[in-house]
Amino acid sequence: MAVNLLCICGNIDNVPFQANDHEEKVAQDITLHGYRYSVYNRVARMALHQKDVAYARVEVDPFAELDPAYLNLHPFGRVPALTHGAFRIFETRAITRYVDHAFSGPPLQPSDAKALARIDQVTGIIDNYGYWPMVRQVFSQRVFGPLEGEPSDEGEIAAGLAAPRQVLAVLNGIAEEGLVLNGREITLADCHLAPMIDYFVRAGEGRDALSSHPELLKWWGHVSVMPALRSTDPGLPDPRI
Ligand SMILES: N[C@@H](CCC(=O)N[C@@H](CS)C(=O)NCC(=O)O)C(=O)O
């Protein structure tokens, strides 16, 4: 069984909130099912945090045998999935858009058509061309795997470092344009990109790659200290366990 109730999260995750907050917010019956180390789970958590939505968390490890009840929620067996009362939704982009529209709080999608299109572009770029090399090849092989006692595969890391060059260059151009990734108005583009970059720069090679993209680096300077990112940091596995 890979599903355990983990915690209820308020504005500052893992910190209990005031009784009034708790009663009012938990009444909304929102649960995020996800794996603590998943970047996609963290994207959803960042959006929930930005909207100041309290939610329960259920830990689901998609790399372990999945409970059939979870597959009912997410037939493709990935994380995250969100439930809000009887409403169920999976796919991170759908979750974060839903969270933005369904709850009050600062809007995470501007009304400007061009900025909105840029959000879709950034999330599409990172999902299709960034996640696998930056997170699953570079971060997993250089940082996460070794902490779990698995040796790094240098071939995977080298392959994973080739693809992000273009990804980072394109994102740097988008940050330079300034419609999104501007460090001022936080949008779903920031929520989607920040967890991926946070993992990528934990590898020395990732930090070096980012350092040659000044506009993205400037953006990272703003976003890396955001409470929504910091309070959703799952940490890293303890190699002694
Ligand atoms: N398209 C999905 C991707 C989610 C995804 O790939 N999540 C990863 C964890 S970061 C996962 O569940 N991996 C399990 C696997 O690859 O089997 C989304 O946007 O939610």
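Every read-out reported here was derived from the displayed coordinates using simple, explicitly stated rules and does not represent laboratory data. Just so it is clear, the model here is predicted, and its values are computed rather than measured. Heads up, the Cβs are rebuilt from the backbone with ideal geometry, glycines too, and the neighbour counts pull from every protein chain shown.
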Inter-label distance for S104 and A64, nm, one decimal - labels placed 7 Å from Cα along Cα-to-Cβ: 3.9
Ratio of the Cα radius of gyration of the stretch 45-135 to 2.2 N^0.38 Å, where N counts its residues: 1.20
Label point at S111 placed 7 Å out along Cα→Cβ; residues across the stretch 66-102 whose backbone nitrogen lies under 17 Å: 101-102
Additional length obtainable on full extension of the chain from E176 to A158, 0.36 nm per residue less Cα span: 3.7 nm
Simple spin-label estimate for A86 and N128 in nanometres, 7 Å along Cα-Cβ: 3.7
Cut-off 17 Å (backbone N to label point 7 Å along Cα→Cβ of D29), residues of the stretch 37-81: 54-58, 73
Debye log10 I(q)/I(0) for the chain, one point scatterer per Cα, at q = 0.15, 0.16 Å⁻¹: -1.07, -1.21
Estimated 222 nm signal from helices in the chain, with DSSP H stretches of n ≥ 4 weighted -39500 (n - 2.57), rounded to 500: -13000 deg cm²/dmol
Volume per residue of the C-alpha convex hull in the stretch 113-241, rounded to whole Å³: 93
Net length gained if the chain between S224 and L236 were fully extended (0.36 nm per residue, minus Cα distance): 2.7 nm
